[in-house]
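**Q** Before I ask anything, let me first share the structure, which is written out below as structure tokens.
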Amino acid sequence: MCGIVGYVGARDAADVLMDGLSRLEYRGYDSAGIAVFENGQVRVAKSKGRLADLEEKMKQEGKPAGHSGIGHTRWATHGEPSDRNSHPHAGGSVTIVHNGIIENYKKLKEFLLSKGKTFLSDTDTEVVAQLLGYYYELTPGNPVDAIIRTMKELEGSYALGVMFADFPDMVYALRKESPLIVGIGEGESFIASDVTAILQYTRNYYLLEPGEIAVLTKAEAKVYDIHYQKIEKELKTADWDVSAAEKGGYPHFMIKEIHEQPVSIKTTITPRITDGMPDLSECGITTESLNSFKAIHVVACGTAMHAGIVGKYVIEKLAKVPVNVDIASEFRYRDPLVGEGDLVIIISQSGETADSLAALRLAKSLGAKTLAIVNAKGSSIAREADMLIYTHAGPEIAVASTKAYMVQIAVMYLFAFELALAKGKIDEAECRRLTSLLEETPAQIEKILAHHEMTQKIADSLITADSLLYIGRGLDYALSMEGSLKLKEISYIHSESYAAGELKHGTISLITENMPVIAVATQTALFDKTISNIKEVKARGAKVILISRDDYTPDQDVADFQFCLPQFEDLLMPMLAVVPLQLIAYYTAVHKGTDVDKPRNLAKSVTVE
Ligand code: AGP
């Protein structure tokens, strides 16, 4: 939620900041703004709306010219999206951008009002700017002292980029909870919420830890702790290059990321397979540890939680171990029955989701072992978990998650195979067979991507729908939850996923003439039963879109459209069947003309509760 950038160097700061923000816009797009030192003075340009609106404004009013500055793209929390509430915010001679939420801002605001300060916005951020300004007035000429005093007062989460008018060629940064990296280039330094914002200039960076303060000049970046002691940081190198964060000829990031799925699976599973067998030892998972867990819980949000549900079905089927799947925001407040001897798996693309991070901390405090399945390197969840499996999907920019889901379920399969073997529920030959089938999934997905025209026809038939249902049984039901979320978040068409056998207990009354029902039927053992449920909705007027295997030719009265998947192992069908569901959602949104990569009201990284 919210993206921040900062720059000190020889380039045109406004260009670097705008370029960085364009790569962070997925984090929020309610408003955007930059502040640049222009001839020793801070000049701000900001605007409600997208980055494009700010660009337009700067075309008319002139772009701040200088070589150092800070920038922000906003997902509104305190105060409506407006020019007034857009960042940067100022307090005296201090100008800041902020990602996060200041929980005690009301108390701090009262204090500042009592000191005669006045406020121009409704934001919690302006309170931080004013507090910094207040402390700086007490110790003029000593920015770090003002920062340390301010940090001691702030409660909540923050990553801040700060400029002091008295220090024109410097940018300061600090963080607690919200992510921030410090980029190190040749004669230039950067800050950013995410390394993708600076890849065009450098791949070298420091991860700023909570409680650390960075002081940037064009020559270097120094990092201090809250006692103003210098910290020697390990310089990291991003393994993504700039093309990974660009559209590469595709019209949207989402479709690019759908097409990247075969490669993402390979890069994620290959290092975790040794001699044809799953091998998660590098992540601290051994036969011994797998046998010691009393219970398994999976906790996550949104798409990542849906990946957990597929994992539950697979683990329970193969390893015969019960798995609880929880929504992180529920888990953290319902006194979960979790304790010593339990394994809690946290799944997260960003590794920064506030509820998932809080769930991880809760699980640890209750004595459970935690395993994080995370895509973003060095993120908070990755760093705090006891054990870690990185998914190697590369940067996922589209707000609607696709390739991250795919690799999350790929990891859940590997985990399930290894657990089932450790528990003696499958033998080595079966484990090897399943692992080699998992290795075949990228080739199967390539086939689907090469012949996906039918998904466009299906999408055409959906654009006038107000509401639709996804149905399936078993793994198909688990999967259809993700299909339904994809469609609603980007096309704004209401949809729900339902266990096919549950429809007649109430929901079937929603079916009217031509209401679309997307039925997923890939599981051999449940196939006839799902087809019976499909016939029940068809008989009541539904327009049925069937996702099944190419060895099934439906009777005429079953489906209006059919998307055929290659024949493959039932257990692994979710990895194939999700692809047409992603494509249907994508093309429906494209045909409706919505903003596919940046759907309304959403942000990629949800760092607030
Ligand atoms: C769905 O497309 C979303 N991007 C969303 O549901 C997401 O999966 C959820 O917010 C969790 O994010 P995380 O994986 O970064 O923790």
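**Q** Could you list, ordered by first residue, the pairs with Cβ atoms under 8 Å in which the first is in the range 90-118 and farther than 17 Å from residue 149 by Cα and the second is in a strand (DSSP E or B) and open to solvent by 40 Å² or more (accessible area, probe 1.4 Å), at least 6 apart or interchain?
**A** 90/42; 90/44; 100/176
**Q** So in the range 156-172, with the set limited to residues that are at pLDDT 95 or above and assigned to a loop (DSSP other than H, G, I, E, B), which one is most open to solvent (accessible area, probe 1.4 Å)?
**A** 166
**Q** For the range 6-113, which fully contained strands (runs of 3 or more DSSP E) count at least 1 residues that are among the acidic types (Asp, Glu)? Lay out the reasoning, then the answer.
**A** Numbers: elements: 31-38, 41-48, 68-74, 89-91, 94-102.
Here the list reads 31-38.
**Q** Out of all the residues in the range 173-192, which are over 21 Å from residue 106 (Cβ atoms) and assigned to a strand (DSSP E or B)? Spell out how you get there, then give the answer.
**A** Our first condition is that a residue be over 21 Å from residue 106 (Cβ atoms); within the range 173-192, this holds for 173-175, 179-192.
Matches in the range 173-192: 173, 174, 175, 181, 182, 183, 184, 189, 190, 191, 192.
**Q** Give the range 331-350 a look and list any residue that's more than 14 Å from the ligand (Cβ to nearest atom) and part of a helix (DSSP H, G or I), or say none.
**A** Correct list: empty.
**Q** Quick one: which of 294, 247 is over 15 Å from residue 404 (Cβ atoms) and in contact with a helix residue (DSSP H, G or I) (Cβ under 6 Å, 6 or more places away or on another chain)? Before you say what the answer is, go through the steps one by one.
**A** Details: 294 fails: in contact with a helix residue (DSSP H, G or I) (Cβ under 6 Å, 6 or more places away or on another chain).
247 is the lone residue from the list that is over 15 Å from residue 404 (Cβ atoms) and in contact with a helix residue (DSSP H, G or I) (Cβ under 6 Å, 6 or more places away or on another chain).
**Q** Another question about this same structure. Taking the range 459-473 only, how many residues are out of contact with any Pro (no Cβ under 9 Å at 6 or more places or on another chain) and open to solvent by less than 20 Å² (accessible area, probe 1.4 Å)?
**A** The first filter runs over the range 459-473 and keeps only residues out of contact with any Pro (no Cβ under 9 Å at 6 or more places or on another chain), leaving 459-460, 463-464, 466, 470-473.
Now restrict to residues that are open to solvent by less than 20 Å² (accessible area, probe 1.4 Å): 459, 470-472.
Selection size over the range 459-473: 4.
**Q** Within the range 470-512, take every residue that is of a type in the set (S, T, N, Q) and within 16 Å of the ligand (Cβ to nearest atom) and give me the one that is farthest from residue 409 (Cα to Cα).
**A** Initially, the range 470-512 is screened for residues of a type in the set (S, T, N, Q), giving 480, 484, 491, 495, 497, 507, 509, 512.
Subset that is within 16 Å of the ligand (Cβ to nearest atom): 480, 484, 491, 495, 497.
Details: 480: 14, 484: 17, 491: 24, 495: 23, 497: 19 Å.
Among residues in the range 470-512 that are of a type in the set (S, T, N, Q) and within 16 Å of the ligand (Cβ to nearest atom), the one farthest from residue 409 (Cα to Cα) is 491.
**Q** Tally the residues that are assigned to a helix (DSSP H, G or I) and in contact with a Gly (Cβ under 6 Å, 6 or more places away or on another chain), restricting the search to the range 296-326.
**A** Step one: list which residues in the range 296-326 are assigned to a helix (DSSP H, G or I), which gives 302-319.
From the residues that got through so far, the ones that are in contact with a Gly (Cβ under 6 Å, 6 or more places away or on another chain) too are none.
Residues flagged as assigned to a helix (DSSP H, G or I) and in contact with a Gly (Cβ under 6 Å, 6 or more places away or on another chain) within the range 296-326 amount to 0.
**Q** For the structure I just gave you, tell me whether residue 456 is open to solvent by 30 Å² or more (accessible area, probe 1.4 Å), of a type in the set (S, T, N, Q) and in contact with a helix residue (DSSP H, G or I) (Cβ under 7 Å, 6 or more places away or on another chain). It would help to see each step written out before you state the result.
**A** Working: open to solvent by 30 Å² or more (accessible area, probe 1.4 Å): yes; of a type in the set (S, T, N, Q): yes; in contact with a helix residue (DSSP H, G or I) (Cβ under 7 Å, 6 or more places away or on another chain): yes.
Yes, satisfied.
**Q** For the range 507-566, how many residues meet the condition of being more than 36 Å from the chain's Cα centre (by Cα), over 23 Å from residue 448 (Cα atoms) and of a type in the set (A, V, I, L, M)?
**A** Selection size over the range 507-566: 1.
**Q** Quick one: count up the residues across the range 420-477 that are more than 28 Å from residue 275 (Cβ to Cβ), part of a helix (DSSP H, G or I) and of a type in the set (D, E, K, R).
**A** Result for the range 420-477: 4.
**Q** Residue check, residue 553 against (1) touching a residue at least 24 places away in the same chain (Cβ under 8 Å); (2) more than 25 Å from residue 311 (Cα to Cα), all met but one. Which one?
**A** The failed condition is (1).
**Q** Does residue 395 fit the bill of being away from the ligand (no atom under 16 Å from the Cβ), buried (at least 17 other Cβ atoms within 10 Å of the Cβ) and not hydrophobic (A, V, I, L, M, F, W, C)?
**A** Spelling it out, it is not the case that residue 395 is away from the ligand (no atom under 16 Å from the Cβ), buried (at least 17 other Cβ atoms within 10 Å of the Cβ) and not hydrophobic (A, V, I, L, M, F, W, C).
**Q** Condition first: under 28 Å from residue 566 (Cα atoms) and not in a helix (DSSP H, G or I). Now tell me which residues in the range 483-513 satisfy that.
**A** Of everything in the range 483-513, those that are under 28 Å from residue 566 (Cα atoms) and not in a helix (DSSP H, G or I) turn out to be 495, 496, 497, 498, 499.
**Q** Here's a check for you: in the range 316-341, which residue that is farther than 23 Å from residue 489 by Cβ and touching a Pro at 6+ places or on another chain (Cβ under 9 Å) is surrounded by the fewest Cβ atoms within 10 Å (Cβ to Cβ)?
**A** Applying the filter and picking the extreme gives 316.
**Q** Additional query: Among the residues in the range 408-416, are any within 16 Å of the ligand (Cβ to nearest atom), in contact (Cβ under 8 Å) with a residue 12 or more places away in the chain and either open to solvent by 10 Å² or more (accessible area, probe 1.4 Å) or at positive phi (or both)? Talk me through it step by step, then tell me what you get.
**A** Filtering the range 408-416 down to residues within 16 Å of the ligand (Cβ to nearest atom) leaves 408-412.
Next, from what is left, pick out any that are in contact (Cβ under 8 Å) with a residue 12 or more places away in the chain: 408-412.
Those still in the list that are either open to solvent by 10 Å² or more (accessible area, probe 1.4 Å) or at positive phi (or both) too: none.
No: the range 408-416 contains no residue that is within 16 Å of the ligand (Cβ to nearest atom), in contact (Cβ under 8 Å) with a residue 12 or more places away in the chain and either open to solvent by 10 Å² or more (accessible area, probe 1.4 Å) or at positive phi (or both).
**Q** Now a separate question. Quickly run through the range 193-232 and pick out the residues that are open to solvent by less than 70 Å² (accessible area, probe 1.4 Å), in a loop (DSSP other than H, G, I, E, B) and either out of contact with any helix residue (DSSP H, G or I) (no Cβ under 9 Å at 6 or more places or on another chain) or among the β-branched types (Val, Ile, Thr) (or both). Show your work before the answer.
**A** Applying the first criterion (open to solvent by less than 70 Å² (accessible area, probe 1.4 Å)) to the range 193-232 yields 193-199, 201-202, 204-209, 211-217, 221-226, 231.
Okay, now just the ones that are also in a loop (DSSP other than H, G, I, E, B), so 193-194, 198-199, 201-202, 208-209, 211-212, 217, 225-226.
The answer is 198, 202, 208, 212, 217, 225, 226.
**Q** Under 19 Å from residue 260 (Cβ atoms), open to solvent by 20 Å² or more (accessible area, probe 1.4 Å) and more than 16 Å from the ligand (Cβ to nearest atom), is that true of residue 428? Talk me through it step by step, then tell me what you get.
**A** Values: under 19 Å from residue 260 (Cβ atoms): no; open to solvent by 20 Å² or more (accessible area, probe 1.4 Å): yes; more than 16 Å from the ligand (Cβ to nearest atom): yes.
Considered against the rule, which asks whether it is under 19 Å from residue 260 (Cβ atoms), open to solvent by 20 Å² or more (accessible area, probe 1.4 Å) and more than 16 Å from the ligand (Cβ to nearest atom), residue 428 comes out as no.
**Q** Still on this structure, please answer the following. Search the range 560-584 for residues being of a type in the set (A, V, I, L, M, F, W, C) and open to solvent by 10 Å² or more (accessible area, probe 1.4 Å), and hand back the single one that is nearest to residue 523 (Cα to Cα). Explain how you work it out, then say what you get.
**A** The first filter runs over the range 560-584 and keeps only residues of a type in the set (A, V, I, L, M, F, W, C), leaving 561, 563-565, 568, 571-573, 575-579, 581, 583-584.
Narrowing further to those that are open to solvent by 10 Å² or more (accessible area, probe 1.4 Å): 561, 564, 568, 571.
On the way: 561: 19, 564: 13, 568: 10, 571: 8 Å.
So, considering only residues that are of a type in the set (A, V, I, L, M, F, W, C) and open to solvent by 10 Å² or more (accessible area, probe 1.4 Å), the one nearest to residue 523 (Cα to Cα) is 571.
Yes or no, residue by residue, for (1) under 23 Å from residue 206 (Cα atoms); (2) over 31 Å from the mean Cα position of the chain (by Cα):
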residue	(1), (2)
137	no, yes
140	no, yes
147	yes, no
153	no, no
158	yes, no
167	yes, yes
175	yes, no
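**Q** Scan the range 368-380 and tell me whether some residue there is more than 13 Å from the ligand (Cβ to nearest atom), open to solvent by 10 Å² or more (accessible area, probe 1.4 Å), at negative phi and not in a loop (DSSP other than H, G, I, E, B).
**A** Yes, that holds for at least one residue.
**Q** Pairs please, first residue from the range 24-45 and modelled with pLDDT of 95 or more, second anywhere and crowded, with 24+ Cβ neighbours inside 10 Å and part of a loop (DSSP other than H, G, I, E, B), Cβ atoms under 6 Å, 6+ apart in sequence or on different chains.
**A** As it stands, the answer is 33/86; 33/87; 33/88; 35/88; 44/88, since those pairs meet every condition given.
**Q** Take the range 538-553 and flag every residue that is assigned to a loop (DSSP other than H, G, I, E, B) and open to solvent by less than 20 Å² (accessible area, probe 1.4 Å). Can you show your working first?
**A** Initially, the range 538-553 is screened for residues assigned to a loop (DSSP other than H, G, I, E, B), giving 539-542, 550-553.
Matches in the range 538-553: 541, 542.
**Q** State whether the residues of the range 554-566 include one that is assigned to a helix (DSSP H, G or I), over 21 Å from residue 511 (Cα atoms) and among the aromatic types (Phe, Trp, Tyr). It would help to see each step written out before you state the result.
**A** Here is the first cut: in the range 554-566, the ones assigned to a helix (DSSP H, G or I) are none.
Checking the range 554-566: not a single residue is assigned to a helix (DSSP H, G or I), over 21 Å from residue 511 (Cα atoms) and among the aromatic types (Phe, Trp, Tyr).
The values are calculated or read from the model by the stated rules, or taken from the named source; none is laboratory data. Just so it is clear, the model here is predicted, and its values are computed rather than measured. Here Cβ is always computed from backbone atoms with ideal geometry, including for glycine, and neighbour counts include all displayed protein chains. SASA here: full protein model, heavy atoms, side chains in, ligands and nucleic acids out. Shrake-Rupley method; radii C 1.70, N 1.55, O 1.52, S 1.80 Å.
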